[in-house]
Each structure stands twice: as C-alpha cells, then as structure tokens.
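**Q** Take a look at the following structure, please.
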Amino acid sequence: MKPRIAAVITPYIHSSIRWHSLLQYVRSKVSRHLHLWTFLAGVTVCGLVFGAIVAGQLGQTDRLVLGNALSHLFVAIKQNQLASGTQLFTQRLIADSQLLALIWLFGVSVIGIPFVIAAIFLRAFTVGFAIGYTSLQFGWKGFLLSGTGIFLHQLVMFLTLFVAAVTAIRFSQQVLLRSLPVSKLTLHLMKYTGTFVLCGGGLMLGAFIQAFVVPHLLTSILV
C-alpha cells in the first residue's frame, strides 16, 4: 500500500515544488524591480484619474452621442445580439497584441522608455474615461456595469502590460548604458522576446474573460 500511496502523492509533491519555485522566481523579479512596478502603478493611477476627469468635462453633444452608443450596447447585450465569443476573443486579442508589440518595439529602441510609459498612461486613460463616463451617465448601475465589463479584463491586461513594460524598460536601459556585451546581445534579445511571448498568454486570458465571461455577467446584471 505504501508504494502505491507514494506513487500517487509524488506527482503532487513535484507539482507543488515547481509552483513554489515559480512563485519564488516571480517574487524575486518583482522585488528586484519594485521601483519600476511602483512607478508604473503611479502612472496607471494618474491615467485612470485623468481619464475620469476628462469624462466629466465632456460637452452635452459628446455625452449624447456616447450615451446613445452605450444604450444600444446595453440593448444588444440584453437581446444577446453581440458578436460571437470567438469573434470578440479574436478582436480583443489582436488589439491587445498590437499594444504589446508596440511596447516590445519601444524596448528594443534606445530612446523607447518614455514611449513605454506613455503607452501605459494612455491605456489607463482610456479605461478611466470609460469607467468615469459610464458611472456619470448611468449612476451606480453604470459603475457596476463598467466595473464588471471593463475591470476584470483590464486587471489581467495591466498585470501583463506591467511585466512587459518593466522588461522593456530594463532592456532599453541595458542597451543605453551598454551593459550588454555585443557577443551576448542576441541571446538577451531572444530572452527579451521570449518574455513577451509569455505575456501573450496573459493577453489570451484577458481576451477569454472579455469574450466568454463578461457578456454573461453583464446579461445577468441587466436582465
């Protein structure tokens, strides 16, 4: 019996060890670049706040146009007239992948650090604008809808973007300071690109939530 029990338990022990090692690796990376994570978090908060402020300063015509668009969207959600989950997943993944590729390109360039920061700020600005406008237009229900429809996907998206942005900034700094030997530059570039490929998994998770989870949650709220 004991060898059988050991045979059953051993895979779980190995799996636990792998997860523990992965968590330790992530923690070490985050703690090593904590100042960058903190800075990017501050940039994100500023973008969210500015977006919400701009949403509150819209003119009556702009509010009417956006309000009608949101009303049509809510009707489409109620009547299950949205595009299929596969189409939504593809559209979301393509849009987010373009931003990720842009950050990769900024990281490769020597002067790309300000553009990486600007990309994070602009993404946060659009999210803050969307949440702020929906909340102002529809009150607490709008806040609940925007929190459900935007926050879940964007939380995964921002975590992925933070990893990509920190990687891009570090790589750009190393190239700028010439701390990477020319002989090892290709290897570091491959590692850099590999990190962004892994970030693509985060984008896929966010797109899946946006396409297959969020519509059902919004339907349950609106009905």
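**Q** Excluding ligands and nucleic acids, what accessible area in Å² is computed for TRP37 using a 1.4 Å probe, to the nearest 10?
**A** Counting only protein heavy atoms, the figure is 60 Å².
**Q** While we're here: Counting other C-beta atoms within 10 Å, and keeping those with at most 15, which DSSP coil trypsin sites (Lys or Arg not before Pro) do you find in the range 137-210? Please report the intermediate quantities before stating the final value.
**A** Details: sites: LYS141, ARG170, ARG178, LYS184, LYS191; in loops: ARG178.
When the trypsin sites (Lys or Arg not before Pro) of the range 137-210 are filtered for loop state and at most 15 Cβ neighbours within 10 Å, ARG178 remain.
**Q** Less than 15 Å Cβ to Cβ from ILE150, Lys/Arg counted +1 and Asp/Glu -1: what total charge do the surrounding residues give?
**A** Result for the local shell: +2.
**Q** Working with all protein chains in place, sort VAL156, VAL108 by solvent-accessible area computed with a 1.4 Å probe, largest first. The partial results should precede the final answer.
**A** Values: VAL156 30, VAL108 55 Å².
From most accessible down to least: VAL108, VAL156.
**Q** Then there's this: Give the average over all directions of the projected area of the C-alpha convex hull of the range 90-178, one decimal, in nm². Show your work: numbers first, answer last.
**A** Values: hull surface 23.4 nm².
The directionally averaged projection comes out at 5.9 nm².
**Q** Probe 1.4 Å, all protein chains in place: accessible area of SER220 in Å², nearest 10?
**A** Accessible area of SER220: about 80 Å².
**Q** In nm, what is the difference between 0.36 nm times the number of residues separating ALA41 and HIS188 and their Cα-Cα distance? List each step's numbers first, then the result.
**A** Numbers: separation 147, 0.36 × 147 = 52.92 nm, distance 2.61 nm.
Between ALA41 and HIS188, full extension yields an extra 50.3 nm.
**Q** While we're here: For PHE196, tell me the accessible area in Å² from a 1.4 Å probe, rounded to the nearest 10.
**A** Its heavy atoms expose roughly 20 Å² to the probe.
The values are calculated or read from the model by the stated rules, or taken from the named source; none is laboratory data. Keep in mind it's a predicted model, so treat the numbers as computed, not measured. Here the Cβ is made from the backbone with ideal geometry for all residues, glycine too, and neighbour counts use every protein chain on show. Please note that ligands, DNA and RNA were not included when accessible areas were found on the heavy atoms of the full protein model with its side chains. Shrake-Rupley method; radii C 1.70, N 1.55, O 1.52, S 1.80 Å.
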